[in-house]
Structures are given as structure tokens and as C-alpha cells.
Amino acid sequence: MSGRAPQHVAVLMGGPSAERDVSLSTGEGCVAALRSEGFRVTQIDPGADIVSALQQAAPDVVFNALHGRWGEDGCIQGLLEWLRLPYTHSGVLASATAMDKSRTKAIFRMSGLPVVESEIVSREEAMEEHVMPPPYVIKPNNEGSSVGIYIVPRDAEEPPVLPDTMPDDVMVEAFAPGRELTCTVLGAPGEERALTVTEIHTDGWYDYEAKYAPGGSRHSLPADLPPAIFAACQDFALRAHWALGCRTISRTDFRWDEGQGLKGLIILETNTQPGMTPTSLTPEQAAHAGIGFGPLCRILVEDASCNR
């Protein structure tokens, strides 16, 4: 951001999404880190009074520690643009696009990035019959943190019964087998770099509990991969970041079927608001690259702006 260096940071955390608890954990860590870096910090749990809360706080910068809908789908970003408050992470368009899985995949396909077959159907259609041959995955089109994901196994005779909490339209996508990998991109425009590649090990699959419960998953970094696959992950993560128009930080998740070589490397999604909890992957990758948690948060604050 231009002008004087930011001194007062408002951290948005919590909010009304299905990922509220994750956001609170992310926010608590970021608040402590920013204070350790010398910033004055105001914590804000956004609700219907978010505009008055921000106007009363009058921060130099808003640190967006929200996750899920309203926080990383372009909604809060648009509000901050309207209020002309510089903010961290990606802007309105990149946030909205990345949160919409079908639009993200369309952009990735146009950019020559590998994704699996998928389609959007109604919740009722997904329960009536198999939309595609099992195994496949049913998920909301606009949620994160593995919220509302159903894996339909190869031997399933019928599709699952989906709860009423699932949206009217869902994404059905082919199941991508293989090893779970992820790569963070960090840096201001023109300075972005892919930090490293992590392999995620779980006893089941990488669901909500595996992501956030202590001991729910084990991380190997740098991942023990053939050099060509490691380099491809970093290349694809950067290209995904640029294709979506992300800003300062993103994390792209992959599956790799090692029996298929490079053809077995598939992008699952790109996160514009990577988790910053004690078990999160991005701070771990930054630390491996020599960037502590406090300096990582400072990088985000110092690149905050409007018109992102």
C-alpha cells in the first residue's frame, strides 16, 4: 500500500459461515502475530453491524482472517472496496471466482491446467441416480474446508441421501485417486514464488477433522516426490494463482496418482484465504522457507490495498 506505513490493523475473524470456528482460530493466531510485529490490533467478529464496527475502529488496514462464504467469496471484499479500506488477500473478482468451483475449473481448463471431469446438478438429481460412474465426489459448489463433501465409493449401488443443509445445486466430480499434495504461493505482484510442496498423510481422507484437529493429519515437507512432479506442482500453483488473479497469497491443492506420472497430477482447488491455524499448511510452508508467522502476517499487511 502507498503512503505512510500501516499502524492500526483490524482483524476480521469469525463471521457467519460454516467455517466460523476455523476463522476464529486463524484470527487469534494472526492477532497475536501482528501485535508481536508492533501493530495496534482491533478484533472484529463481523455481523449485521460490520459497517459501523469498521467505521468506529477506523483502521489503516483490514486483515481478512475470514473463511468460507461471505468472507472469501468477494462479499466482504466488495464492502471494503466501498468503504475504501485497504485489505489483505485477494480482491473481489479473484475471491468470488476461486470460491465458485465450477468457474474455477473452467478457467483452469482454459489455462491448460489439469482438473477432473465434473458437472453441476440439482441436489435432487444427485440423489436420484448416479450422475457419473462411481467413484465420484459430491460437494457444495461454494464452500471450503471440506464442508459437505460426500465420497461415493466404487461399489455404491445407489447415490447418498444428502441432508437439507446441502445447497439446491451441487458439484459432482470424478474421484481423483492418489497422494494429497499442496503448494503455497506468496508475494506481491511480480514477486510471487511457490514456497514448497507438502504431502498430507491421513488415516482416512483429508476431511474437516483431519485438517483442523491436532494429530488429524501428518505433513511431509518438502514432499518426497520425483523432481519433475515437485516442479510441476510449483508451476501449476503459480499458474493457478495468476489465472484466477489472486493477490499476495494462495494455496493450491493437488492429487497425484503416481502410477500415471505427470498425467496423474490433478488440481483440486485454489484457496485465496489459506488457513492460519496451528495445524495449517501455509504457515508451515512459510516457516520452511525461512518466514516466521509474524513476518508472514506482516507481508500480507504491507501489501494490503484497495482495487485488488
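As an exercise, use a Förster radius of 35 Å and the Cβ-Cβ distance of Glu302 and Ser111 to find the FRET efficiency, rounded to the nearest 0.05.
0.75
Taking Cα extents along the principal axes in Å as the quantity of interest, determine which of (i) 69, 44, 34; (ii) 72, 48, 38; (iii) 60, 44, 38 was computed from the displayed structure.
Checking each listed value against the structure points to (iii).
For Lys263, give me every one of the aspartates and glutamates with a C-alpha distance below 17 angstrom, ignoring sequence neighbours fewer than eight places off in its own chain.
Those aspartates and glutamates meeting the cut-off are Glu117, Glu180, Asp235, Asp253.
Using 1/(1 + (r/R0)^6) with R0 = 45 angstrom and r between the beta carbons of His130 and Arg40, what's the FRET efficiency to the nearest 0.05? Intermediate values should be presented prior to the final figure.
On the way: r = 56 Å, r/R0 = 1.23.
Result of the calculation: an efficiency of 0.20.
Show me, for region 262-277, the HN-Hα J-couplings you get by feeding each phi into the Karplus relation (A = 6.51, B = -1.76, C = 1.60, θ = phi - 60°), rounded to Hz, glycine and proline as x.
Values per residue, Gly and Pro as x: 5, 5, x, 8, 10, 7, 8, 5, 10, 9, 8, 10, x, x, 10, 7 Hz.
Given Cα pairs under 8 Å that are at least 6 residues apart, what percent is the relative contact order of the chain? Before the final figure, lay out the partial values.
On the way: 662 pairs, mean separation 66.8, N = 308.
Reported relative contact order: 22 percent.
Treat each spin label as a single point 7 Å out from the Cα along the C-beta direction, and report the Trp82 to Arg193 distance in nm.
Once both label points are built, they end up 4.0 nm from each other.
Using modelled amide H (1.01 Å from N, peptide plane; none on Pro or chain starts), what sits under 5 Å from the amide H of Val11, excluding residues fewer than 5 places away?
Thr42, Gln43, Ile44, Phe63
In the chain, which longest range has no GluC sites (Glu not before Pro) that are both DSSP loop (not H, G, I, E or B) and surrounded by at most 12 other Cβ atoms within 10 Å?
Looking at the chain, 192-308 is the longest stretch - no exposed GluC sites (Glu not before Pro) with at most 12 other Cβ atoms within 10 Å.
Could you give the angle, 0 to 90 degrees to the nearest 10, between helix 101-110's Cα long axis and the longest principal axis of the Cα atoms of the chain?
Tilt of helix 101-110: around 80 degrees.
Above 18 Å lies some portion of the pair distances; for region 8-89, what is it as a whole percent of all C-alpha pairs?
Summing the P(r) tail past 18 Å for region 8-89 gives 33 percent.
Determine, for Val121, Val11, the number of other Cβ atoms within 10 Å of each Cβ, and report the residues in order from fewest to most.
If I rank by nearby Cβ atoms, fewest first, I get Val121, Val11.
Estimate the FRET efficiency between Gln260 and Leu162 by the formula 1/(1 + (r/R0)^6), using the beta-carbon distance for r and 22 Å for R0, to the nearest 0.05. Walk me through the numbers before you get to the answer.
Values: r = 31 Å, r/R0 = 1.39.
Approximately 0.10, to the nearest 0.05.
Only the coordinates and a few stated rules stand behind these numbers; no lab work does. Given the structure is predicted, the values throughout are model-derived calculations rather than measurements. Because the Cβ atoms are built from the backbone with ideal geometry, glycine has one as well, and the counts that use them run over all protein chains shown.
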